[in-house]
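The structure appears below as C-alpha cells.
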Amino acid sequence: MHCPRTSCPCIARDLDLHRAQALVDKSALRFSRDLRLAEVRRLLCSSRAMALRLGNGGPELTDHELIHEQQSRLLLLCRRSMALPIGRGMFTLASAPPQLTEALRLAPLTLKGRMPNAATVDLDTSQLPADHLLWPEFHNGIAAALRLAPPRCGHSADGGELGRHWIVYNRPGTRQHAHAGFLMGLGLQGHLLALANTDLYRYMSQGHDVTMMAVLLGMAAARRGSMHAPIAKMLCLHIPALHPPTFTELELEVPAVVQTAALLGIGMLYQGSAHRLMTEVLLGEIGRPPTNELLECRESYSLSAGIALGMLGLGRGTDAAGLADLRLEDQLGSYMHGKESTLPWPAPGHAPERNPPTRCCRIREGPLVNVDVTAAGATMALALIFLKTNNASVASQLRIPASLYSLACVRPDLVMLRVIARNLIMWDEVRPTSAWLASQLPELAKPPAVGGDTEALRLARLNALAGACAALGLRFAGSCCEPACELLMAQAKQLHAQRQATGAGAKAAQPTLETCVGTTAIALGMVMAGSGNLECLRLFRVLRRRVDSEVSYGFHVAISMALGFLFLGGGRLTLGTSKPAIAALLTSIFPRFPLTPSDNRYHLQAFRHLYVLAVEARCVEAVDVESGESNLVPLTVHLKGGAAPLQLVAPCLLPPLSSIVSVQVS
C-alpha cells in the first residue's frame with residue numbers, strides 16, 4: 001500500500017499534516033479573519049500523539065497504579081481518535097488533485113499519548129479485541145481516497161485522470177481494511193469505473209469480506225440509477241435470496257457484511273426504477289427469518305433491505321407502475337406495527353419460495369413479525385418511497401401512540417424514526433419554528449396518574465425531539481437557514497445540559513440523551529454545511545470535550561460527522577436536497593450509532609460515507625485573470641419569489657442554484 005520511503009510512521013504523519021495544511025491554505029481566503037480552519041484540522045487529526053493529562057493522584061499512587069491510570073485515560077482518548085477519520089474525510093473531501101506518479105500514502109492511526117514532560121505512552125492493546133482497529137483503519141482509507149478530486153473536476157497534478165493502472169498499483173500490503181476503504185472511497189468519487197472486469201474479479205476473489213463489501217458498494221454508487229447489467233449480476237451473486245434453487249450454501253458462502261452491502265447496492269443501482277423483481281425480493285428480505293450466518297447483524301440486514309427498497313421506489317409514492325398488487329403500504333405497516341406478514345405472493349399453484357433459508361439453530365420465531373428487527377427498515381422504506389409526496393394518509397401510519405400503554409409498547413428509538421419518516425413524507429409542512437417543533441412531541445389523550453410510570457413518556461419525548469431536529473436538518477440541508485440554525489443550536493444546548501445532569505434518573509437516560517445530542521449536532525452541521533459557522537464550531541468543541549467511560553464511541557462518531565459537515569470540503573462544498581441526496585443523507589446519518597469501533601449490528605459503518613452522493617459544489621470564487629490568484633469580490637445574488645437580494649463576498653457558497661435569478665458583481 002505504501003511506497004518504501006513512506007513506510008515510516010513519522011513521514012506519513014508529517015505528510016498528513018502537510019495535506020491538511022494545504023487545504024487550510026486553499027480555503028484561507030474564505031475564512032481569512034481567524035484560524036478556524038487550523039483549529040478544525042487539529043480537532044480532526046488522528047496521526048499525532050494525544051495530550052495525556054492525569055488528575056492529581058497524590059504521592060500514595062504506586063508505579064503500577066500510575067500505569068493503570070495512564071492506560072485507562074489513554075484508552076478513552078484513543079476511542080475518540082479512532083472516530084476522527086470519518087469527519088476528516090468530510091473536511092478534506094475533493095480537496096487535492098491526484099498524484100499519478102506516486103502511490104497513495106495513508107497516514108497512521110496513532111494510539112499514543114504525550115505526557116506534560118514530553119514522554120510518550122503507547123496504548124497497551126493486549127487486552128483489547130483483535131478487531132478493535134480494523135474499522136477505524138477502513139474509515140482512514142476512505143478519508144484518504146475522498147481527498148482526491150472526482151473525475152472531470154479539475155486535472156491531476158500530472159496532467160491526467162486516475163486510471164486502472166494507478167488504482168491497481170496501490171495494492172494492499174498489511175493494511176487490508178485500509179485498502180478496502182480506499183477502494184470504496186474511489187467508488188464514491190467515481191474512479192472505480194476505470195477498472196476492468198478482470199480487476200474486479202481479482203478483488204472479489206481475495207476472500208477478504210470487507211474488500212468485497214467495499215467493491216460492491218463503490219461500483220453500485222458509481223453506477224447508481226443505471227441498472228448496469230454486469231454490476232447487477234455481481235450484486236445478485238452475493239444475495240442468497242436471488243440464487244437459483246440449485247445453489248447450495250456450500251457452493252457460495254457469502255459473509256454477512258457482504259450480503260448487507262449487496263442489498264443496499266441493489267437499491268443504488270436500481271434507484272428510482274421501481275423494478276418489480278427487486279421490489280419483491282427486498283420486501284421479503286426486510287422480514288427474513290433468522291439464519292445462522294446473520295445472527296449478529298439481523299437488524300442491519302433488515303435496515304439495508306428497507307433503505308434499498310425505498311431507493312427503488314424513491315419518491316414514486318403510489319405512481320409506481322406494476323406495484324399496486326404488492327400493497328407496499330400494508331406490508332410495511334405490518335413490519336412496523338407487528339401484525340402477521342401479509343405478503344401477496346406466492347400465488348396459488350406457484351412454488352412457495354425461491355430459495356428458503358436454513359433454519360437457525362439458536363432462534364425460533366413464530367408467524368408474527370419481530371418488530372425489533374423489521375420496524376427500522378420498514379420505516380425508512382416507507383419514508384423514501386413517499387418522500388416529498390405530502391401524502392397524509394401514509395404519514396398517519398407513522399403516528400406516535402397517544403396512550404401511555406401504547407407508548408410503552410413502542411421502542412423509544414423507533415419513535416425517533418417515525419418522526420423523521422413522517423416529516424420526510426410531509427416535506428412542505430416542515431417549519432423552522434418552535435411551534436412546529438412542539439407539535440412533533442407526543443401528547444397523551446389522558447395524562448398519566450400521579451406516581452405512574454412516566455419514564456416511557458420521557459424517553460419518547462426525547463427521541464421525538466431528536467427526530468424532529470433530524471428532519472429539520474434534512475429539510476434545510478445546505479441552506480444556512482438562520483431560523484433553523486438558531487432552533488437547532490438551542491435544542492442541542494438544552495439536550496447537552498440534560499446530559500450533564502448527575503441525578504440517578506439522568507444516569508439511566510444517558511444512552512438516549514447521548515444519541516439525541518449526537519443526532520441534533522449532525523442536523524445542525526447539515527443545515528450549516530460548508531459554512532464554517534463560528535458559533536456552531538464553538539458548540540461542537542464543547543460537545544467533544546467530554547472524554548470519560550460514559551461516552552461511547554458512537555457519540556464521538558456523531559460529533560466528528562457534525563464537524564465534518566460544518567467544514568465540508570474545507571468550506572468549499574455543501575449539501576443538496578434532491579430526492580437522491582436525501583436518500584443518501586438519511587442512510588449516512590441513521591441515528592443508531594455504534595457502541596464500539598467494531599459494532600455493525602444495527603447499521604453497517606461503511607454506510608456513514610454515503611453523504612458523498614449528496615454533496616454539491618456551490619462555491620463561487622473570483623480569480624484575477626492576470627495573476628491567477630483569488631480575490632475578495634462583493635456579489636449581489638437575486639433570488640426567485642421576490643426575496644430580498646443577498647449581499648455576499650466571494651469566495652462564498654451560493655444558495656441552491658434553482659432559487660437564483662442572477663448573480664451580479666456589486
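The values are calculated or read from the model by the stated rules, or taken from the named source; none is laboratory data. Note that the coordinates shown come from a computational prediction; the quantities given were computed from them, not determined experimentally. Ideal geometry is used to build each Cβ from the backbone, glycine not excepted, and the neighbour counts take in all protein chains shown. For accessibility, only protein heavy atoms count, side chains too; no ligands or nucleic acids. Shrake-Rupley method; radii C 1.70, N 1.55, O 1.52, S 1.80 Å.
Odds and ends about this structure:
- Shown are V168, V663, V419, whose ranking by accessible area with a 1.4 Å probe and every protein chain present, most to least, is V663, V168, V419.
- For peptides 595-605, 641-651, sequence by mean Cβ density within 10 Å, most packed first: 595-605, 641-651
- Pairwise Cα inverse-distance average, inverted: Kirkwood Rh of the stretch 73-230 (Å): 16.8 Å
- Packing, taken as the mean count of other beta carbons within 10 Å per residue, orders the peptides 427-438, 180-191, 75-86 from highest to lowest as 180-191, 75-86, 427-438.
- Two tests apply to each whole DSSP H helix in the chain, Cα reach of 24 Å or more along its axis and mean Kyte-Doolittle hydropathy of at least 0.0, and the ones passing both are 455-475, 510-527.
- Projected label distance in nm at S434 and Q71, using a 7 Å step from Cα toward the beta-carbon: 5.1 nm
- Partner aspartates and glutamates whose Cα lies under 13 Å from the Cα of K493, excluding those fewer than 8 positions away in the same chain, are identified as E514, E535.
- The residues of the chain have, on average, 43 Å² of accessible surface per residue, using a 1.4 Å probe with all protein chains present.
- Beta bridge orientation in the chain: antiparallel %, DSSP, nearest 5: 85 percent
- Listed by chain and number, the aspartates and glutamates placed with their C-alpha closer than 20 angstrom to that of K507 are D413, D453, E455, D548, E550; residues fewer than eight positions away on the same chain are left out.
- Within the accessible area of the chain (1.4 Å probe), percent carbon and sulfur: 54 percent
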